[in-house]
Amino acid sequence: MSIKKFAILFSGSGSNLEAILQKVHGKTFANTKLECVLTVCNKKDAFGIQRACKFGLKTVIIDNKNFTNREEFDAALVSEIKKYDVDLVVLAGFMRILTPVFTQEIRAINLHPSILPLFKGAHAIEESFNSDMQVGGVSVHWVSAELDGGKIIAQRTFERSKNMSFEAWEDKIHAIEHELLPETVINLLTK
(Lines give C-alpha, C1' and ligand atoms only; values in the text may rest on other atoms or scores of the structure.)
Protein backbone atom coordinates (compact mmCIF):
# COMPACT_ATOMS: atom_id res chain seq x y z
CA MET A 1 0.00 0.00 0.00
CA SER A 2 1.23 3.49 -0.83
CA ILE A 3 0.62 6.66 1.17
CA LYS A 4 -0.15 10.00 -0.46
CA LYS A 5 0.05 13.18 1.59
CA PHE A 6 -1.88 16.36 1.05
CA ALA A 7 -2.24 19.80 2.62
CA ILE A 8 -5.33 21.99 2.90
CA LEU A 9 -5.25 25.80 2.84
CA PHE A 10 -8.32 27.70 4.08
CA SER A 11 -9.36 31.14 5.30
CA GLY A 12 -12.76 30.85 6.94
CA SER A 13 -15.33 28.49 8.42
CA GLY A 14 -13.70 25.40 6.95
CA SER A 15 -16.81 23.53 5.82
CA ASN A 16 -14.96 22.22 2.75
CA LEU A 17 -11.93 21.41 4.90
CA GLU A 18 -14.19 19.31 7.15
CA ALA A 19 -15.82 17.58 4.16
CA ILE A 20 -12.38 16.56 2.87
CA LEU A 21 -11.16 15.41 6.26
CA GLN A 22 -14.33 13.34 6.86
CA LYS A 23 -14.31 11.67 3.45
CA VAL A 24 -10.59 11.40 2.63
CA HIS A 25 -8.18 11.83 5.57
CA GLY A 26 -6.78 8.55 6.86
CA LYS A 27 -8.83 6.49 4.42
CA THR A 28 -7.65 4.04 1.78
CA PHE A 29 -8.74 4.12 -1.86
CA ALA A 30 -7.38 1.83 -4.59
CA ASN A 31 -4.64 0.56 -2.24
CA THR A 32 -3.52 4.13 -1.49
CA LYS A 33 -3.88 5.65 1.97
CA LEU A 34 -4.55 9.40 1.86
CA GLU A 35 -3.38 11.56 4.74
CA CYS A 36 -3.78 15.26 5.39
CA VAL A 37 -0.46 16.18 6.98
CA LEU A 38 -0.83 19.98 7.04
CA THR A 39 -3.57 22.57 7.37
CA VAL A 40 -2.71 26.24 6.88
CA CYS A 41 -4.90 29.27 7.52
CA ASN A 42 -4.20 32.95 6.96
CA LYS A 43 -6.63 34.10 9.69
CA LYS A 44 -5.90 33.28 13.34
CA ASP A 45 -9.57 33.30 14.36
CA ALA A 46 -11.04 31.25 11.49
CA PHE A 47 -13.57 28.62 12.62
CA GLY A 48 -11.94 26.05 10.35
CA ILE A 49 -9.07 25.83 12.86
CA GLN A 50 -11.49 24.21 15.33
CA ARG A 51 -12.76 21.86 12.63
CA ALA A 52 -9.19 20.71 11.88
CA CYS A 53 -8.60 20.13 15.62
CA LYS A 54 -11.45 17.60 15.67
CA PHE A 55 -9.30 15.47 13.35
CA GLY A 56 -6.17 15.91 15.46
CA LEU A 57 -4.64 18.48 13.11
CA LYS A 58 -2.97 21.61 14.43
CA THR A 59 -3.33 24.42 11.91
CA VAL A 60 -0.31 26.52 10.99
CA ILE A 61 -1.25 30.21 10.93
CA ILE A 62 0.48 32.34 8.31
CA ASP A 63 -1.23 35.73 8.50
CA ASN A 64 -0.94 37.61 5.22
CA LYS A 65 -1.14 40.89 7.17
CA ASN A 66 2.35 40.17 8.53
CA PHE A 67 3.91 40.50 5.07
CA THR A 68 4.57 43.58 2.99
CA ASN A 69 3.47 42.02 -0.29
CA ARG A 70 1.88 38.93 -1.87
CA GLU A 71 5.22 37.49 -2.96
CA GLU A 72 6.61 37.46 0.60
CA PHE A 73 3.45 35.80 1.89
CA ASP A 74 3.54 33.22 -0.91
CA ALA A 75 7.22 32.48 -0.18
CA ALA A 76 6.33 31.77 3.45
CA LEU A 77 3.52 29.45 2.33
CA VAL A 78 5.82 27.58 -0.06
CA SER A 79 8.48 27.22 2.63
CA GLU A 80 5.97 25.74 5.10
CA ILE A 81 4.38 23.39 2.56
CA LYS A 82 7.75 22.06 1.36
CA LYS A 83 8.57 20.89 4.91
CA TYR A 84 5.84 18.23 4.57
CA ASP A 85 6.68 16.71 1.17
CA VAL A 86 3.04 16.68 0.08
CA ASP A 87 1.72 15.24 -3.16
CA LEU A 88 -1.06 17.81 -3.50
CA VAL A 89 -2.20 21.09 -1.96
CA VAL A 90 -5.93 21.76 -1.79
CA LEU A 91 -7.27 25.31 -1.59
CA ALA A 92 -10.60 24.98 0.20
CA GLY A 93 -11.94 28.48 0.65
CA PHE A 94 -8.47 30.01 0.74
CA MET A 95 -9.24 33.63 -0.05
CA ARG A 96 -5.90 34.78 -1.39
CA ILE A 97 -4.74 35.53 -4.92
CA LEU A 98 -1.52 33.60 -5.36
CA THR A 99 1.52 34.79 -7.32
CA PRO A 100 3.98 32.79 -9.45
CA VAL A 101 6.14 32.51 -6.30
CA PHE A 102 3.52 29.94 -5.19
CA THR A 103 2.05 28.69 -8.48
CA GLN A 104 5.39 27.75 -10.03
CA GLU A 105 6.49 25.77 -6.96
CA ILE A 106 3.39 24.04 -5.64
CA ARG A 107 1.02 21.52 -7.26
CA ALA A 108 -2.34 22.81 -6.07
CA ILE A 109 -6.04 22.65 -6.87
CA ASN A 110 -8.73 25.19 -6.06
CA LEU A 111 -12.46 24.95 -5.52
CA HIS A 112 -14.59 27.66 -7.14
CA PRO A 113 -18.36 28.14 -6.68
CA SER A 114 -19.29 28.65 -10.34
CA ILE A 115 -19.00 27.03 -13.72
CA LEU A 116 -15.69 28.43 -14.84
CA PRO A 117 -14.67 30.32 -16.89
CA LEU A 118 -17.82 32.25 -15.88
CA PHE A 119 -17.99 34.32 -12.69
CA LYS A 120 -14.39 34.36 -11.54
CA GLY A 121 -13.43 35.99 -8.26
CA ALA A 122 -14.84 36.37 -4.78
CA HIS A 123 -18.47 37.13 -5.69
CA ALA A 124 -19.14 34.14 -7.93
CA ILE A 125 -22.18 32.85 -6.06
CA GLU A 126 -23.99 36.20 -6.13
CA GLU A 127 -23.00 36.91 -9.73
CA SER A 128 -24.12 33.51 -10.96
CA PHE A 129 -27.41 33.74 -9.04
CA ASN A 130 -28.13 37.21 -10.44
CA SER A 131 -27.34 36.16 -14.01
CA ASP A 132 -29.72 34.72 -16.59
CA MET A 133 -27.96 31.35 -16.34
CA GLN A 134 -30.38 28.48 -15.85
CA VAL A 135 -27.66 26.35 -14.27
CA GLY A 136 -25.28 26.93 -11.42
CA GLY A 137 -22.44 24.82 -10.25
CA VAL A 138 -18.96 24.24 -8.98
CA SER A 139 -15.53 23.87 -10.58
CA VAL A 140 -12.27 22.39 -9.36
CA HIS A 141 -9.22 23.62 -11.26
CA TRP A 142 -5.44 23.63 -11.11
CA VAL A 143 -4.08 26.75 -9.44
CA SER A 144 -2.28 29.09 -11.80
CA ALA A 145 -1.10 32.70 -11.60
CA GLU A 146 -4.33 33.75 -13.34
CA LEU A 147 -7.22 34.18 -10.89
CA ASP A 148 -9.53 31.16 -11.26
CA GLY A 149 -7.87 30.55 -14.62
CA GLY A 150 -6.10 27.20 -14.28
CA LYS A 151 -7.03 24.10 -16.25
CA ILE A 152 -10.40 22.73 -15.14
CA ILE A 153 -10.28 19.28 -13.54
CA ALA A 154 -13.93 18.69 -12.58
CA GLN A 155 -17.28 20.47 -12.74
CA ARG A 156 -20.79 19.69 -11.54
CA THR A 157 -23.95 21.63 -12.31
CA PHE A 158 -27.52 21.90 -11.11
CA GLU A 159 -30.60 23.40 -12.71
CA ARG A 160 -32.19 26.58 -11.42
CA SER A 161 -35.63 25.77 -10.09
CA LYS A 162 -38.55 28.14 -10.53
CA ASN A 163 -38.48 30.97 -7.97
CA MET A 164 -35.27 29.63 -6.43
CA SER A 165 -34.08 31.86 -3.58
CA PHE A 166 -30.50 33.03 -3.22
CA GLU A 167 -30.22 30.94 -0.03
CA ALA A 168 -31.33 27.79 -1.85
CA TRP A 169 -28.87 28.55 -4.69
CA GLU A 170 -26.02 29.00 -2.22
CA ASP A 171 -26.96 25.87 -0.26
CA LYS A 172 -26.98 23.80 -3.46
CA ILE A 173 -23.52 25.10 -4.40
CA HIS A 174 -22.12 24.24 -0.97
CA ALA A 175 -23.66 20.75 -1.08
CA ILE A 176 -21.98 20.11 -4.44
CA GLU A 177 -18.67 21.53 -3.16
CA HIS A 178 -18.70 19.07 -0.25
CA GLU A 179 -19.03 16.17 -2.72
CA LEU A 180 -16.92 17.31 -5.67
CA LEU A 181 -13.78 18.50 -3.87
CA PRO A 182 -13.20 15.30 -1.84
CA GLU A 183 -13.94 13.19 -4.95
CA THR A 184 -11.39 15.19 -6.93
CA VAL A 185 -8.72 14.82 -4.24
CA ILE A 186 -9.28 11.05 -4.23
CA ASN A 187 -9.17 10.84 -8.03
CA LEU A 188 -5.97 12.86 -8.32
CA LEU A 189 -4.10 11.00 -5.58
CA THR A 190 -5.09 7.46 -6.56
CA LYS A 191 -4.36 7.62 -10.31
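The values are calculated or read from the model by the stated rules, or taken from the named source; none is laboratory data. Model, not experiment: these values are computed from the prediction. Note that each Cβ is placed from the backbone with ideal geometry, even for glycine, and that neighbours are counted across all protein chains shown. Note: areas computed on protein heavy atoms with side chains; ligands, DNA, RNA excluded. Shrake-Rupley method; radii C 1.70, N 1.55, O 1.52, S 1.80 Å.
What to note about this one:
- Residues of region 105-145 classified as in contact (Cβ under 8 Å) with a residue 40 or more places away in the chain, closer than 21 Å to E71 by Cβ and not small (G, A, S), total: 2
- Flag if E18 is in a helix (DSSP H, G or I), open to solvent by 10 Å² or more (accessible area, probe 1.4 Å) and farther than 19 Å from R107 by Cβ: yes
- Failed item in (1) under 18 Å from L17 (Cβ atoms); (2) open to solvent by 60 Å² or more (accessible area, probe 1.4 Å); (3) in contact with a helix residue (DSSP H, G or I) (Cβ under 9 Å, 6 or more places away or on another chain); (4) not aliphatic (A, V, I, L, M), with Y84 passing the rest: (3)
- Residues of region 126-151 satisfying the condition of being under 20 Å from P182 (Cα atoms) and aliphatic (A, V, I, L, M): V138, V140, V143
- Where helices (runs of 4 or more DSSP H) fall wholly inside region 27-138, the ranges with 1 or more residues that are within 30 Å of M164 (Cβ to Cβ) and among the aromatic types (F, W, Y) are 124-130.
Matching residues to (1) closer than 19 Å to R96 by Cβ; (2) touching a strand residue (DSSP E or B) at 6+ places or on another chain (Cβ under 7 Å); (3) at pLDDT 95 or above:
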| residue | (1), (2), (3) |
| --- | --- |
| H25 | no, yes, yes |
| F29 | no, no, yes |
| T39 | yes, yes, yes |
| F55 | no, no, yes |
| F67 | yes, no, yes |
| R70 | yes, no, yes |
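- Test: residue in region 165-178 that is part of a helix (DSSP H, G or I), open to solvent by 20 Å² or more (accessible area, probe 1.4 Å) and among the small types (G, A, S): yes
Every residue, every condition in (1) out of contact with any strand residue (DSSP E or B) (no Cβ under 8 Å at 6 or more places or on another chain); (2) open to solvent by less than 70 Å² (accessible area, probe 1.4 Å), yes or no:
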residue	(1), (2)
Q50	yes, no
A92	no, yes
N110	no, yes
S114	no, yes
L118	yes, no
G121	yes, yes
L147	yes, no
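- Verdict on R70 being of a type outside the set (A, V, I, L, M, F, W, C) and either closer than 14 Å to I8 by Cα or in contact with a Cys (Cβ under 8 Å, 6 or more places away or on another chain) (or both): no
- Restricting attention to region 126-144 and to residues that are of a type outside the set (S, T, N, Q) and farther than 24 Å from V24 by Cβ, the residue that is least open to solvent (accessible area, probe 1.4 Å) turns out to be G136.
- Annotation note: of K4, K27, K33, the sole residue that is more than 20 Å from I173 (Cα to Cα), in contact with a Lys or Arg (Cβ under 9 Å, 6 or more places away or on another chain) and free of Cβ contacts under 8 Å to residues at least 12 places away in the same chain is K27.
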